[in-house]
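A.B. asks: Have a look at the structure that comes next, please.
What follows draws every value from the coordinates through simple rules; no lab data is involved. Because the structure is predicted, anything quoted here is derived from the model rather than measured. So basically every Cβ, Gly included, is an ideal-geometry build from the backbone, and we count neighbours across all protein chains shown.
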Amino acid sequence: MEFISDPFFYVVGVPAVLIAGVSKSGFGGGLGVVAVPLMALVVSPQAAAAIMLPILCLMDVANVWAYRKRWDSRSMKILVPAALVGILVGTLSFSYLNEAAVKLIIALIAIIFTLDHWLRGRNASGPPGSATVGKGAILGALAGFTSFVAHSGGPPVAVYLLPQRMDKSIFVGTTVMFFIIVNYVKLIPYAMLGQFDASNLGTSLLFVPVALFGTWLGLWAHDKVSVTLFYRVCYGLLFITGIKLLVDSILEFSA
C-alpha cells in the first residue's frame, strides 16, 4: 500500500480529519473546511482534496444512518439540483480555478452573514426565515462549486439553513443528506480528472479510524448540547471558518 510518508503531514492531518468528523456529525459541518487547508501545508491543495473526499464519503455513510429520519425534504429539493450545477461548473473550470478567489468569496459570505445575525440581535422569539427557491438556488450552486474545489460547501449551506431555525437534529440531518449526495457525485469527476492515485487512496485509508472516531464524538456532542447553545456554536464556527478562509485567501493573493 502506498501512502504519504512525511510525519508532519499526519501531525496536521489527524486533527484535521478529527475536526471534520466532529463538525459534520455534531454541528452541520461548517468547521470541516479547515481539513484541506491544514493538509495543504504539506501537500498540494488538489492532493489534500483528493485524500479527504473518500474520508468524507465514509463519514457521510455513518452520519446518514444516524440522521436517516431527521432532515428537511423541502430544503433538499431546492439545494441539491443547484449543487449539481455547481459541481458541473467546478468540473468544467477545473484547469482555471483560482482557489484564493474561491476562498475569499466563501469567507465574505460567512463573515457578513454571521455579523448581520449578531448585529441585528436575532433570537428564537423572532420569526424564522423561509426556504426560498431563489436564495437556495444561488447558495446551493455555490455550495456545490466550493465543495468541488476544496470541500468547503458547508458555509453556503449553513447560510441557507440557519435562518430557518429548524430543530438542531433536522439542521444537521439536512446537511448530512445534502453532502452524501454531493460528495458521492464528486467521486466521478475526481476520478475522471485523475485525482485518485495510489498514494492518495492509501493515505485516505490510514485515516479511517480517525474519521470514525470523530464521527462518533460529534454524534455524542450533538446529543449533549442544548438548542440555544447549539445555534450559538454553529454561528460561532461559521464566523471562525470565514476568518480562517479570509486569512488564507489574503496570504495566497500576496504570495
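A.B. asks: What residue, among those in segment 73-104 that are surrounded by fewer than 21 Cβ atoms within 10 Å (Cβ to Cβ) and charged (D, E, K, R), is nearest to Val185 (Cα to Cα)?
C.D. replies: Here the answer is Lys77.
A.B. asks: Here is a further query. Of Val12, Val80, Val43, which residue is closer than 27 Å to Tyr235 by Cβ, free of Cβ contacts under 8 Å to residues at least 60 places away in the same chain and of a type in the set (Val, Ile, Thr)? Let's see the steps before the verdict.
C.D. replies: Working: Val80 fails: free of Cβ contacts under 8 Å to residues at least 60 places away in the same chain; Val43 fails: closer than 27 Å to Tyr235 by Cβ.
After applying the criteria, what remains is Val12.
A.B. asks: Still on this structure: Suppose we filter Gly32, Gly21, Gly26 for residues that are among the small types (Gly, Ala, Ser), in a helix (DSSP H, G or I) and either in contact with a strand residue (DSSP E or B) (Cβ under 6 Å, 6 or more places away or on another chain) or under 19 Å from Leu245 (Cβ atoms) (or both); which single one remains?
C.D. replies: On the way: Gly21 fails: either in contact with a strand residue (DSSP E or B) (Cβ under 6 Å, 6 or more places away or on another chain) or under 19 Å from Leu245 (Cβ atoms) (or both); Gly26 fails: either in contact with a strand residue (DSSP E or B) (Cβ under 6 Å, 6 or more places away or on another chain) or under 19 Å from Leu245 (Cβ atoms) (or both).
The unique qualifying residue is Gly32.
A.B. asks: Which of the residues belonging to segment 232-249 are β-branched (Val, Ile, Thr) and in contact (Cβ under 8 Å) with a residue 60 or more places away in the chain? Reasoning before the result, please.
C.D. replies: Taking segment 232-249 and keeping what is β-branched (Val, Ile, Thr), we get 233, 240-241, 243, 247.
Those that are β-branched (Val, Ile, Thr) and in contact (Cβ under 8 Å) with a residue 60 or more places away in the chain: Val233, Ile240, Thr241, Ile243.
A.B. asks: Does segment 71-83 include one or more residues that are more than 16 Å from the chain's Cα centre (by Cα) and acidic (Asp, Glu)?
C.D. replies: yes
A.B. asks: Ok, one more. Suppose we filter Leu201, Leu229, Leu187 for residues that are free of Cβ contacts under 8 Å to residues at least 12 places away in the same chain and either buried (at least 20 other Cβ atoms within 10 Å of the Cβ) or out of contact with any helix residue (DSSP H, G or I) (no Cβ under 6 Å at 6 or more places or on another chain) (or both); which single one remains? Working first, answer last.
C.D. replies: Working: Leu201 fails: free of Cβ contacts under 8 Å to residues at least 12 places away in the same chain; Leu187 fails: free of Cβ contacts under 8 Å to residues at least 12 places away in the same chain.
Criteria check complete, one pass: Leu229.
A.B. asks: Filter segment 131-147 for residues that are in contact with a Phe, Trp or Tyr (Cβ under 8 Å, 6 or more places away or on another chain) and among the hydrophobic types (A, V, I, L, M, F, W, C); which is farthest from Tyr190 (Cα to Cα)? Before the answer, list the steps.
C.D. replies: Pass one, segment 131-147, residues in contact with a Phe, Trp or Tyr (Cβ under 8 Å, 6 or more places away or on another chain): 131, 135-136, 139-140, 143, 147.
Imposing the further condition that a residue be among the hydrophobic types (A, V, I, L, M, F, W, C) reduces the set to 131, 139, 143.
On the way: Ala131: 31, Leu139: 22, Ala143: 17 Å.
Ranking the candidates gives Ala131 first.
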